[in-house]
Amino acid sequence: MKNTNNSSNTKLILLHPYILKQGNSNRLWLLAIVSFFTVAFLLTLIYTRDSTTTTAATAAATAAITTAGFSSNSPSSSSSLPTNVVNTLLHYASRSNDTFKMSFAELKPIADVIRKCSSSSSPCNLLVFGLTHETLLWKALNHNGRTVFIDENRYYAAYYEQLHPEIDAYDVQYTTKTSEIKDLISTARDQIKNECRPVQNLLFSDCKLGLNDLPNHVYEIDWDVIIVDGPRGDWADAPGRIQPIFTAGVLARSKKGGNAKTHVFVHDFRKGLERVCGDEFLCRENLVESSDLLGHYVVEKMEETSYQFCRNNDNNHTVVSNNTSSFS
């Protein structure tokens with residue numbers, strides 16, 4: 001006979017597997033949280049140390065540059081291209097097989113002026129008539145300034161801008177003919193106190209020699225350098241460079257601020273039309289340098305009451321003929 005009292009007092013305790021899993025899960029969560037905060041702390045420590053080191057290095061470099069005489073605000077250190085880069089650009093530009101390219105002797109005076117202008121305290125404003133082989137060179141030399149190109153071919157200007165989005169080009173409709181040079185200059189002389197005066201806003205002018213359909217901002221900018229290298233004038237009905245030269249002379253004399261002097265370069269200077277128009281509207285007294293193909297003028301701004309392009313008119317006026325081939 002079994003002892004029923006002992007059997008009834010005996011208790012059996014069972015541990016369900018879920019309880020064991022729950023305990024392990026809690027410990028894993030705790031370990032994950034601790035690990036996360038540990039990693040976050042280490043990353044913060046590393047980032048702070050690297051940031052401090054970088055800041056210290058930057059400060060040391062800036063101090064070294066300043067000590068050497070080149071502060072971060074120095075125009076010459078940030079605006080002007082190094083001499084070796086400029087010479088390399090000029091070398092390859094002048095060595096091109098393009099028929100209408102400029103030679104090194106022609107490129108160098110222009111590049112020197114642009115470089116000097118670019119290293120000044122204010123950005124250099126460069127206006128170029130003609131999209132030519134040298135277009136990208138002018139843009140590169142004036143890389144921190146403003147460069148605007150004017151061309152007579154609307155489709156080529158649009159194509160060039162699409163090909164080189166950094167280029168700022170506009171088209172213009174020239175209304176002159178090289179065969180009309182005598183009549184045009186005569187008209188300018190007759191209207192010198194009215195529509196063709198040397199100081200004015202050409203946007204509102206009806207002078208036949210002035211360009212009045214350029215974008216408005218072209219007339220508002222004080223141009224430091226102007227290059228006339230277009231349009232072509234090799235035949236009687238070609239527009240020639242009468243209007244660009246006249247417009248350059250007016251823009252230079254009508255400046256409101258900036259440098260009082262404007263450097264104007266006229267390419268293909270050996271041709272009769274360019275030389276005659278240069279003498280008439282840029283003035284021989286302002287011609288500081290010339291070669292067979294390049295004329296370099298320095299034109300100063302004038303008062304609004306000025307009605308003469310040149311101070312010494314007797315010495316600057318040239319006998320004009322409609323037959324431009326008579327000029328050598």
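Observations, loosely collected:
- As a fraction of the 1.4 Å probe accessible area of region 83-300, surface on carbon and sulfur atoms comes out at 47 percent.
- Taking 0.36 nm per residue of sequence separation and removing the Cα-Cα distance, the K116/E166 pair yields an extension gain of 15.8 nm.
- Applying the Karplus relation 6.51 cos²θ - 1.76 cosθ + 1.60 with θ = phi - 60° to region 186-194 yields 3J(HN,Hα) values of 4, 5, 4, 5, 5, 9, 5, 9, 10 Hz, where x marks Gly and Pro.
- Less than 5 angstrom separates the built amide H of T176 from none of the residues sequence-distant by 5 or more or on a different chain.
- Distant-in-sequence amide H partners of A169 (H built 1.01 Å from N, under 5 Å): F149
- For region 83-300: accessible area per residue (Å², 1.4 Å): 44
- Extreme residue, positive dipole direction of region 83-300, given options G210, I192, G257 (C-beta unit charges): G257
- Karplus (6.51, -1.76, 1.60) ³J(HN,Hα), θ = phi - 60°, over region 105-114, in Hz, Gly and Pro reported as x: 5, 7, 5, 4, x, 5, 4, 5, 5, 5
- Anisotropy class of region 221-283 from Cα gyration tensor, a/c 1.5 cut: prolate
- A simple count of charges around S122, restricted to other residues whose Cβ falls under 12 Å of its Cβ and scoring Lys, Arg +1 and Asp, Glu -1, yields -1.
- Protection proxy ranking, peptides 152-161, 240-249, average beta carbon neighbours within 10 Å, highest first: 240-249, 152-161
- A compact globular protein would have a Cα radius of gyration near 2.2 N^0.38 Å; the ratio found for region 83-300 is 0.96.
- Taking amide H as placed 1.01 Å from N in the peptide plane, N125 has its amide H under 5 Å from the amide H of R146, D224, V225, each at least 5 places away in sequence or on another chain.
- With both labels modelled 7 Å from their Cα along Cα-to-Cβ, the N144 to N84 distance reads 2.0 nm.
- Packing-based ranking, highest mean first, of 163-171, 253-261, 136-144 given that Cβ atoms within 10 Å are counted: 136-144, 253-261, 163-171
The values are calculated or read from the model by the stated rules, or taken from the named source; none is laboratory data. What you see is a predicted model; the values in this text were computed from it and never measured. In this analysis, Cβ positions are derived from the backbone assuming ideal geometry, glycine residues included, and neighbour counts consider all displayed protein chains. All accessible areas refer to the heavy atoms of the entire protein, side chains included, with ligands and DNA or RNA removed. Shrake-Rupley method; radii C 1.70, N 1.55, O 1.52, S 1.80 Å.
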